[in-house]
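Comments concern the structure below.
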Amino acid sequence: MQQSGGMPVPPPAPLDGGTASSLQLPADSMVPAPSPATGTVRPDVTHVGVAVLLIGPAGAGKTTVARFWAERRPVPTAHISLDDVREWVRSGFADPRSGWDDRSEAQYRLARRTCGFAARNYLANGISCILDDAVFPDRPAVGLGGWKRHVGPGLIPIVLLPGLDVVLERNAARSGTRRLSDEEVATIHGRMAGWYGSGLPIIDNSRHDVATTARMLDDAVARSLMSPPQW
């Protein structure tokens with residue numbers, strides 16, 4: 001189909017997105033909270049439509065694991081990295097390495113809102129998604145509440161938390177805006193320990209490769225679908 005000026009118009013997406021998904025919702029609605037699974041049969045998460053938020057400190061491997069997991073699912077799955085979206089701002093980028101202020105927080109909130117819209121839009125079209133962000137348990141401005149507000153209560157948060165020695169080593173191999181000072185990495189890692197006792201699934205991938213960590217992520221998602229965490 002074409003407009004009068006000859007510009008092609010994309011056909012409307014099918015209501016069910018054209019793929020099997022447990023999340024059928026209009027593009028502007030929130031992802032509903034999953035109902036606790038009945039019985040003891042673990043859901044096959046490889047064929048279930050989900051929205052996952054992978055949390056962790058700098059150097060935890062969030063982006064690497066999320067991309068690996070998304071690429072190998074048998075159903076369409078998108079990976080949305082908040083850091084990537086934040087860096088869409090080229091001129092006037094508020095680099096958090098220069099200090100966390102009103103500008104950097106405003107750009108963070110904008111990036112999070114953009115990620116949330118993208119996630120809901122993907123899910124409305126039958127595409128699962130995994131997002132990654134360094135969400136702090138003790139800072140409401142960069143906490144889970146914003147993600148719940150922008151994506152919905154059906155978002156599944158999972159924490160990736162390797163040991164400090166591991167994140168320091170990984171951070172040292174970084175460059176550009178993604179590399180932080182050792183002091184910053186240690187501070188962030190220490191604050192992430194607050195997730196222990198939160199009830200969220202926590203994966204310690206200190207001694208695991210990416211493939212093994214991705215399988216552990218599948219297990220954590222399955223447990224969350226059977227018994228949704230309270231957050």
* Asked: Yes or no: residue 128 at pLDDT below 95 and on the phi < 0 side of the Ramachandran plot?
  -> no
* Asked: Name the residues in region 161-184 that are farther than 24 Å from residue 139 by Cα and either modelled with pLDDT under 90 or polar (S, T, N, Q) (or both), would you?
  -> 170, 172, 173, 174, 175, 176
* To do: Might you let me know whether region 72-83 holds any residue that is part of a helix (DSSP H, G or I), in contact (Cβ under 8 Å) with a residue 40 or more places away in the chain and not hydrophobic (A, V, I, L, M, F, W, C)?
  => yes
* Residue in region 185-199 that is at pLDDT below 95, of a type in the set (A, V, I, L, M) and touching a Phe, Trp or Tyr at 6+ places or on another chain (Cβ under 9 Å) present -> yes
* Asked: If you go through region 47-60, how many residues are in contact with a Pro (Cβ under 7 Å, 6 or more places away or on another chain) and farther than 12 Å from residue 131 by Cβ?
  -> 2
* To do: Pairs only if they're at least six apart or on different chains, beta carbon under 9 angstrom, first in region 142-153 and free of Cβ contacts under 8 Å to residues at least 40 places away in the same chain, second among the β-branched types (Val, Ile, Thr) and outside any helix (DSSP H, G or I); list them, first residue then second.
  => 142/135; 143/135; 146/135
* To do: Keeping to region 99-115, report how many residues are in a helix (DSSP H, G or I), more than 25 Å from residue 61 (Cβ to Cβ) and over 17 Å from the mean Cα position of the chain (by Cα).
  => 4
* **Any chance residue 146 is small (Gly, Ala, Ser) and under 30 Å from residue 76 (Cβ atoms)** => yes
* Structure fact -> Counting only residues in region 34-53 that are under 22 Å from residue 121 (Cβ atoms) and in contact with a Leu (Cβ under 6 Å, 6 or more places away or on another chain), the one modelled with the lowest pLDDT is identified as 34
* Structure fact -> Of all helices (runs of 4 or more DSSP H) fully inside region 116-231, the set with 1 or more residues that are over 14 Å from the mean Cα position of the chain (by Cα) and crowded, with 18+ Cβ neighbours inside 10 Å is 164-172, 182-192, 210-226
* Which of the residues spanning region 46-90 are surrounded by fewer than 17 Cβ atoms within 10 Å (Cβ to Cβ), in contact with a strand residue (DSSP E or B) (Cβ under 9 Å, 6 or more places away or on another chain) and closer than 21 Å to residue 201 by Cα? -> 67
* Read through the list (1) in contact (Cβ under 8 Å) with a residue 24 or more places away in the chain; (2) over 16 Å from residue 55 (Cα atoms), then give the number of the only condition that residue 176 fails. => (1)
* To do: Filter region 92-129 down to residues that are of a type in the set (Lys, Arg), within 19 Å of residue 178 (Cα to Cα) and touching an Asp or Glu at 6+ places or on another chain (Cβ under 9 Å), then give me how many there are.
  => 2
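The values are calculated or read from the model by the stated rules, or taken from the named source; none is laboratory data. The structure presented is a predicted model; accordingly, all values stated were derived computationally and were not measured. Cβ sites come from the backbone with ideal geometry, for glycine too, and all protein chains shown count toward neighbours.
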